[in-house]
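Since the structure comes first, as structure tokens, the remarks are kept for the end.
Bear in mind these aren't lab numbers, they're just calculated from the coordinates by the rules spelled out. Quick caveat: nothing in here was measured; it's all calculated off a predicted structure. Glycine gets a Cβ as well: all are built from the backbone with ideal geometry, and neighbour counts include every protein chain shown.
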Amino acid sequence: MENIKHNVNEIKSQIKTLEEELNKIQGQCDHPNVVLKYDDNSKSVLKICNICEKVIGYPTTEELKNSDYL
Ligand SMILES: [Zn+2]
């Protein structure tokens, strides 16, 4: 069991490092190509950068209409 605990902590630490790395990379992106994507978790349409996949925010009604979501 001690081994499991060690592995879990190791993996969580790696996830944290990778998330920080991801944030850094996404911070360098100018998000030139934003697309609308339905997100199953939040059950809503999100604006997502097509390059770095960062969630930019929620689309306006106008943007939803233009993308045939409404
Ligand atoms: Zn981006």
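For the chain, which fully contained strands (runs of 3 or more DSSP E) count at least 1 residues that are among the polar types (S, T, N, Q) and away from the ligand (no atom under 11 Å from the Cβ)?
Strands (runs of 3 or more DSSP E) meeting the threshold: 44-49.
Cβ-Cβ below 8 Å, separation at least six or inter-chain, first residue in the stretch 1-26 and within 17 Å of Val55 (Cβ to Cβ), second surrounded by 10 or more Cβ atoms within 10 Å (Cβ to Cβ): which pairs?
From the stretch 1-26, the pairs are Ile25/Cys52; Gln26/Cys49; Gln26/Cys52; Gln26/Glu53; Gln26/Lys54.
Which residues, taken from the stretch 57-70, are exposed (fewer than 13 other Cβ atoms within 10 Å of the Cβ) and out of contact with any helix residue (DSSP H, G or I) (no Cβ under 9 Å at 6 or more places or on another chain)?
Scanning the stretch 57-70 gives Gly57, Thr60, Thr61, Glu62, Lys65, Asn66, Asp68.
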